[in-house]
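Everything on this sheet refers to the single structure shown next.
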Amino acid sequence: MSRPEWQRAPRRVARSDAPCIVLVTGATGFIGRSLCRRLLADGHSVIALTRNGPRARAVFGSMVRVIVSLDEIISSERIDWIVNLAGAPIFAGLWTPARRTELLDSRLNVTNKITELIARLTHKPDVLINASAIGYYGVRGEEEITEAARGQPIFQSHLCQAWELAAQAAEQYDVRVCRLRFGIVLGMSGGALPGLLRPARMRLRVLLGSGQQWQSWVHIDDLLDLLWFCIRQEDMSGGINVTSPRPVRQQEFAATLAAQFGRSIPVRVPARILRASLGELSQLLLEGQRVLPTKALNAGFAFRYPELNAALADLLRTKDPAAG
């Protein structure tokens, strides 16, 4: 029997001069695991809300308090920050009516319960960091998108708009709310990159449709840095783009990734095949968004990996311990 993750990849737990208590939902996901490691390393206490207690305990061991319901938190408890990452994976199935309901409910149910928790807590948290996605902006073609852009009447946008609106309800309790709109998150232990690496390692450069669609991406370390920046900066609130300042076209992304392994052969997947097989879900692959992190840059945030080549080189050089 293999050892649990907390033994295979132990987290360093440090002491902090000002330790905080952080509630994290979606803690066993790709971003959640990385965030919890960062919080523990900085000396903070973590409460992880999960539907699967045994799995979470296998991931975190005794270093994290695992709960399966927010009702386990009593009103007199102190929680300083809440990070809400919970939600069914967007790429896990076609957007059938049932799947759309699942995607929406998995986000809104947890977010509404967080607001209910905040309402009854004697000590209100300072900030709610709520996940969202650049799908908020819908299909925009060549347009450079900042946080000032509005959503559209299509499903991917509606999903994000509804999630963000639910999170904003916490503001009535004087809680600062940051709605982080994630681009394509690059990391070795989850997200899009492991799947994209398989053909790249075979020296294949996969082009989706025209390959001209924009892809807005972010290194997992920059995502965590910006999340931490939003927690600490009291003037950060509202919708915030979490993407590199250098988006690239899909064909450039594929070429840069494949180049990490030498010369490659182009393989094109026609748009009509993706649309026929994936339906509206194909928008996420064929109708990119050119998103800029304007609010973060204006606030003085500095990206460690603004360029795709450097980001990929770093990730391929250092294997994430959570990958097992």
(request) Using the heavy atoms of the protein chains and a 1.4 angstrom probe, tell me the accessible area per residue for segment 106-253 in square angstrom. (result) 39 Å²
(message) Give me the dipole magnitude in Debye, nearest 20, for segment 124-249 about the Cα centre, with unit charges on the beta carbon: positive for Lys and Arg, negative for Asp and Glu.
(response) 760 debye
(message) Using the Cα atoms of segment 172-277, I'd like the radius of gyration and the largest Cα-Cα distance, Dmax, both in angstrom.
(response) 17.2, 56
(request) For segment 223-324, report the convex hull volume of the alpha-carbon atoms normalised per residue, in Å³, without decimals. (result) 152 Å³
(message) I'd like the distance between the alpha-carbon centres of segment 136-150 and segment 270-293, rounded to an integer number of Å.
(response) 15 Å
(request) Enumerate the calculated ³J(HN,Hα) couplings along segment 131-146 in order (Karplus 6.51 cos²θ - 1.76 cosθ + 1.60, θ = phi - 60°), each rounded to whole Hz, writing x wherever the residue is Gly or Pro. (result) 5, 8, 8, 6, x, 3, 7, x, 9, 10, x, 8, 4, 7, 9, 10
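Please report the equivalent ellipsoid semi-axes of the chain, computed as sqrt(5 x eigenvalue) of the Cα gyration tensor, largest first, in whole Å.
32, 23, 19
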(message) At a 4.7 angstrom Cβ threshold, list every cysteine in the chain that has nobody to pair with, or say none.
(response) Cys20, Cys36, Cys160
(request) For segment 213-260, give the percent of accessible area contributed by carbon and sulfur heavy atoms, probe 1.4 Å, rounded to a whole number. (result) 37 percent
(request) May I ask you to give the percent of accessible area on segment 32-165 that is carbon plus sulfur, with a probe radius of 1.4 Å? (result) 54 percent
(request) Using only the alpha carbon atoms of segment 55-175, find the Kirkwood hydrodynamic radius as the inverse mean reciprocal pair distance, in angstroms to one decimal. (result) 16.2 Å
(request) Scan segment 138-231 for trypsin sites (Lys or Arg not before Pro) in coil per DSSP, keeping those whose Cβ has at most 15 other Cβ atoms within 10 Å, and list them by number. (result) Arg150, Arg203
(message) Relative contact order for the chain: what percent, with Cα pairs under 8 Å and sequence separation of 6 or more?
(response) 17 percent
(request) Considering the convex hull of the alpha carbon atoms of segment 116-184, report its projected area averaged over all viewing directions, in nm², one decimal. (result) 5.4 nm²
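The values are calculated or read from the model by the stated rules, or taken from the named source; none is laboratory data. These numbers were taken from a predicted model, which means no experiment stands behind them. Don't worry about glycine lacking a Cβ; one is built from the backbone with ideal geometry, like all the others, and counts go over all protein chains shown. Note: areas computed on protein heavy atoms with side chains; ligands, DNA, RNA excluded. Shrake-Rupley method; radii C 1.70, N 1.55, O 1.52, S 1.80 Å.
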